[in-house]
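Please read the structure below before turning to the comments.
The values are calculated or read from the model by the stated rules, or taken from the named source; none is laboratory data. What you see is a predicted model, and the numbers here were worked out from it, not measured in a lab. Because the Cβ atoms are built from the backbone with ideal geometry, glycine has one as well, and the counts that use them run over all protein chains shown.
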Amino acid sequence: MKNQLKKSLINLLTVGMLFFPIRSLNSSNSFLGDKEIHKINNIESISSKLLKDNYLENYRAPLEYSTNFWKNVFTTESSKSFIVNPYNLNHWKEEKSKIYKKIPNNYWVIHGKKQYIKKSVKRAYKHLDYIIDSLEKHDLPVSLSVVPLYESGFREDAISKAGAVGMWQLMAGTARDYGLKVNSRVDERLNPKKSLSAFIKYYKDSQKQFNNHLFSLVSYNVGRLPVFRYKWSKENPIKTIRSGIGFAPRNYPSMYFASKDILTNPRKYYPYIFHNKKMEKIKPKPVFFEIGKRDINYYIKKEKCF
């Protein structure tokens, strides 16, 4: 009789505790905050705007190889690495432990950035609304909103080795030239909206100077080089950026295309990035209660929604 009573009590408690998380999961607010829900609802409209924007698309074909390379880097686990010839992007993928003993002279190792870019994509949706609105207001392509993905990971406090600061990675001199306060007390580069304003002014000036969209984009990384003004350069823009202007500016348009593709369809590259409905089992946790004079320890399997 006692054993039957114990079993019935255990069954009742088990059923009750199992139903509790199931009921709570019926409400999306139990596992997603308001900001997260806003991101999910906003993905489609932002993706649609980026998809319709054909800015620089005429340069995509000759840069397809390097664009695919950067998409691989942005979606590869950090446990994998690429050995890269910085001049022609000949590369292959190996385990870290195998790479370090085989690096040829003058080759670089670039680690996968999946975890970093995935977090950056999540951060992006805090800012993309007002960035796109501002770009449209100033007659600039909305796809320029993807630049912070590879510049700063949409971090407002990002600081580069070269001294560029903020989400838009402005150097101190450039920031001052375009109206931002940068001194020992104030650094307005840390304000994402004010630094966006400086970016817009800089970019519009570059367009006026070069009358070339590709050079306007690349100049944001390397500066307004005299080579961008040569007649030969304007007639051969792809050859110009592939010449000796450095690894980063040479790959800047390819990183732009890769970032645009990722932000246009983030779920393709990072499944369940915003709303993972996959049910995953959690390790069973002990529950103690007293029946009569005896403690009974039993385990309940729980399911959690991510």
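The figures follow:
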read-out	value
Among the candidates Gly163, Gly179, Gly173, residue that is assigned by TED's automatic domain parsing to the domain that holds Thr240, small (Gly, Ala, Ser), over 18 Å from Glu136 (Cα atoms) and within 24 Å of the chain's Cα centre (by Cα)	Gly163
Of all residues making up segment 158-184, the number that are outside any helix (DSSP H, G or I) and in contact with a helix residue (DSSP H, G or I) (Cβ under 6 Å, 6 or more places away or on another chain)	10
Flag for Lys126 being surrounded by fewer than 17 Cβ atoms within 10 Å (Cβ to Cβ) and either at pLDDT 95 or above or in contact with a Gly (Cβ under 6 Å, 6 or more places away or on another chain) (or both)	no
Residue count for segment 139-157, restricted to those that are within 25 Å of Tyr55 (Cα to Cα) and either of a type in the set (A, V, I, L, M) or assigned to a loop (DSSP other than H, G, I, E, B) (or both)	12
Condition check for Leu170: out of contact with any Gly (no Cβ under 9 Å at 6 or more places or on another chain) and either within 22 Å of Leu50 (Cβ to Cβ) or surrounded by fewer than 23 Cβ atoms within 10 Å (Cβ to Cβ) (or both)	no
Filter pass, Ala198 being among the small types (Gly, Ala, Ser) and free of Cβ contacts under 8 Å to residues at least 24 places away in the same chain	no
Residue among Tyr125, Tyr130, Tyr150, Tyr178 that is aromatic (Phe, Trp, Tyr) and free of Cβ contacts under 8 Å to residues at least 60 places away in the same chain	Tyr178
In segment 78-94, residue modelled with the lowest pLDDT [restricted to those that are in a strand (DSSP E or B) and in contact with a Lys or Arg (Cβ under 7 Å, 6 or more places away or on another chain)]	Lys93
